[in-house]
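The values are calculated or read from the model by the stated rules, or taken from the named source; none is laboratory data. If you're wondering where the values come from, they're calculated on a predicted model, not measured in any experiment. Positions of Cβ are generated from backbone atoms using ideal geometry, with glycine treated the same way; all protein chains shown enter the neighbour counts. Heavy atoms of the whole protein, side chains included, go into the accessibility calculation; ligands, DNA and RNA do not. Shrake-Rupley method; radii C 1.70, N 1.55, O 1.52, S 1.80 Å.
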Amino acid sequence: MSEKKTYGFTTTILHNDRHKPIEHGSLHKPIHTSVAFGYTDARQLASVFQGKEPGFRYGRQGNPTISALEDKVSKMEDGVATLCFGTGMAAIGALFQALLKAGDAIVSSSFLFGNTNSLWQTVAGQGVDVAFVDATDVAQVEAALTPNTRMVFVETIANPRTQVADLARIGELCRERGILYVVDNTMTSPWLFRPKSVGAGLVVNSLTKSIGGHGIALGGALTDTGLFDWSAYPNIAPNFRKQPAHAQGMAQLRAKALRDFGASLGPEAAHHIAVGAETLALRMTRTCANALALATMLEADERVAKVHYPGLASHPQHDIVASLFRAGGSLLSFELHESIDPFDYLNRLQLAIPASNLGDNRTLVIPVAHTIFFEMGAERRASMGIAESLIRVSVGIEDTDDLVEDFRQALDA
């Protein structure tokens, strides 16, 4: 396949491994389990360690299997470089570990995945000021900026209430102020949306979710889009300033978050994720169609009090979704009429599985306030718009009629 020709999303990902030689003609990049890499020339070893030429140093900082996945994710996000981590949370934690220091400030959407919210609370306790704002309104983001603000962090579609950040306007604001714009693309995936299109400098993906797709491997990624000027970022250490300006951020992230902190992805997991990634577009097309059909049915039923799904015209940020995303995503949540016990309802479902993951091929459901958001308490949940009866649904690839009927029959019982 020619490097010069431009191919579509799936064709590019499916054949990406073959752009570099693969041992024995394998169609997939093999799983390299070695943690060390030998060189016949000691000078070459030194050159690799000094970053003067490409190569592998030690498994904690990457290996050929992980490198192949990183290249796939870069292609997905139209980025210049990607680093893979052991989990999506490790990728977000790398931002703090490698790029922030005491006295810095960040502005974060208040509508966040529960573990990300918990992480920012920890970061705030270690000397970084964290301002939580309603990121659906760019004015609130702007009002929270200070001279010490180093980054703005948002999710594309918030988990679980599906609020959508004012992505394009926040991107414009960050560009004008020279602030690093970090967008967590997990709930949309690179197939539905590329944050680079709204000016993101770094993109987060939980590879565990839709990119891997099969619920069999943990992983996370940070992708540098090439839009941010790292030469102007004040926290780059002097030894990384020796790198070209465009490479300084990733060089520091690789050293501080992988080499020093050890938040590494294993080669077996990388292989599973890379294989799953090949069908991302196919799976997301199906799951988004299923989600829209399910949300439409639920919204029309009087026994359902509220439905939160960006693909519905009734969603507050539907216009943003229509203008930026291919579809409304595979995540929805809903609240039942107060006369229906949510636990009893969940127990009547025959296909949807009570479980905590997202982006699986199977439809997964969970009572949010009593599980993944229980730890933060009722007051914080209320501030995030999370009702005590909220049910989150990660929609899978089941046959649409079967899935819709399952949720309907649970209402009828």
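Out of all the residues in the range 282-306, which are surrounded by fewer than 21 Cβ atoms within 10 Å (Cβ to Cβ) and either part of a loop (DSSP other than H, G, I, E, B) or small (Gly, Ala, Ser) (or both)?
Passing the criteria: Ala289, Ala293, Ala300, Asp301, Glu302, Arg303, Ala305.
Looking at Arg150, Arg175, which one is of a type in the set (D, E, K, R), open to solvent by 10 Å² or more (accessible area, probe 1.4 Å) and more than 18 Å from Gly226 (Cβ to Cβ)?
When all the criteria are applied, what remains is Arg150.
Got at least one residue in the range 24-37 being in a helix (DSSP H, G or I), under 16 Å from Asp71 (Cα atoms) and either touching a helix residue (DSSP H, G or I) at 6+ places or on another chain (Cβ under 8 Å) or not polar (S, T, N, Q) (or both)?
No, the range 24-37 contains no residue that is in a helix (DSSP H, G or I), under 16 Å from Asp71 (Cα atoms) and either touching a helix residue (DSSP H, G or I) at 6+ places or on another chain (Cβ under 8 Å) or not polar (S, T, N, Q) (or both).
Pairs please, first residue from the range 140-155 and hydrophobic (A, V, I, L, M, F, W, C), second anywhere and part of a loop (DSSP other than H, G, I, E, B), Cβ atoms under 7 Å, 6+ apart in sequence or on different chains.
Between residues of the range 140-155 that are hydrophobic (A, V, I, L, M, F, W, C) and residues that are part of a loop (DSSP other than H, G, I, E, B), the close pairs are Val141/Ala135; Met151/Ile179; Val152/Ile179; Val154/Ala135; Val154/Ala165.
Could you please give the count of residues in the range 158-172 that are open to solvent by less than 10 Å² (accessible area, probe 1.4 Å) and within 25 Å of Leu100 (Cβ to Cβ)?
The qualifying residues number 6.
Being in the same structural domain as Asp78 (by the TED database), under 17 Å from the mean Cα position of the chain (by Cα), small (Gly, Ala, Ser) and over 22 Å from Cys288 (Cβ atoms) narrows it down to one of Gly178, Gly199, so name that one.
Gly199
Anything in the range 62-87 that is open to solvent by less than 30 Å² (accessible area, probe 1.4 Å) and either part of a helix (DSSP H, G or I) or of a type in the set (Phe, Trp, Tyr) (or both)? List them, or say none.
Listed by number, the residues that qualify are Pro64, Thr65, Ile66, Ala68, Leu69, Glu70, Lys72, Val73, Ser74, Met76, Glu77, Phe85.
When Ala98 is evaluated against the numbered criteria (1) in contact (Cβ under 8 Å) with a residue 12 or more places away in the chain; (2) more than 21 Å from the chain's Cα centre (by Cα), which criterion, by number, is the only one it fails?
(2)
Would you be able to tell me the number of residues in the range 325-347 that are surrounded by 16 or more Cβ atoms within 10 Å (Cβ to Cβ) and in a helix (DSSP H, G or I)?
The total comes to 3.
If I ask for residues that are modelled with pLDDT of 95 or more, more than 18 Å from Asn235 (Cβ to Cβ), not hydrophobic (A, V, I, L, M, F, W, C) and not in a helix (DSSP H, G or I), which ones from the range 115-155 would you list?
If the condition is that a residue be modelled with pLDDT of 95 or more, more than 18 Å from Asn235 (Cβ to Cβ), not hydrophobic (A, V, I, L, M, F, W, C) and not in a helix (DSSP H, G or I), then Asp134, Thr136, Asp137, Glu155 are the ones that fit.
Every residue in the range 88-121 that is under 19 Å from Ala217 (Cα atoms) and surrounded by fewer than 19 Cβ atoms within 10 Å (Cβ to Cβ), please.
Asn115, the sole residue that qualifies.
Please count how many residues of the range 356-375 are surrounded by 14 or more Cβ atoms within 10 Å (Cβ to Cβ), modelled with pLDDT under 95 and either more than 16 Å from Phe113 (Cβ to Cβ) or assigned by the TED database to the domain that holds Leu207 (or both).
Looking only at that region, the number is 1.
If a residue has to be of a type in the set (Gly, Ala, Ser) and under 24 Å from Arg169 (Cα atoms) to count, how many in the range 293-349 make the cut?
Residues that pass the stated criteria total 8.
Could you please tell me which pairs satisfy a Cβ distance under 9 Å, a separation of 6+ or placement on different chains, a first residue in the range 300-316 that is of a type in the set (Lys, Arg), and a second residue that is part of a loop (DSSP other than H, G, I, E, B) and open to solvent by 20 Å² or more (accessible area, probe 1.4 Å)?
Cβ pairs passing all conditions: Arg303/His337; Arg303/Ser339; Arg303/Ile340; Lys306/Ala387.
Anything in the range 189-202 that is farther than 19 Å from Ala327 by Cα and surrounded by 24 or more Cβ atoms within 10 Å (Cβ to Cβ)? List them, or say none.
Ala200, Gly201, Leu202, listed by residue number.
Among the residues of the range 139-165, write down those that are within 20 Å of Ile92 (Cα to Cα) and either in the same structural domain as Thr371 (by the TED database) or among the hydrophobic types (A, V, I, L, M, F, W, C) (or both).
Matches in the range 139-165: Val141, Met151, Val152, Phe153, Val154, Ile157, Ala158, Val164, Ala165.
Identify the single condition in (1) among the charged types (D, E, K, R); (2) open to solvent by 70 Å² or more (accessible area, probe 1.4 Å); (3) under 30 Å from Gln252 (Cβ atoms) that Lys4 does not satisfy, given that it satisfies every other one.
Result: Lys4 fails condition (3) only.
Let me confirm something: among Thr136, Thr186, which residue is in the same structural domain as Ile236 (by the TED database), buried (at least 19 other Cβ atoms within 10 Å of the Cβ) and over 23 Å from Gly226 (Cα atoms)?
The match here is Thr136.
I need the full set of residues from the range 227-280 which are assigned to a loop (DSSP other than H, G, I, E, B) and over 18 Å from Leu100 (Cα atoms), in order please.
Listed by number, the residues that qualify are Leu227, Lys242, Gln243, Pro244, Ser264, Leu265, Gly266, Glu278, Thr279.
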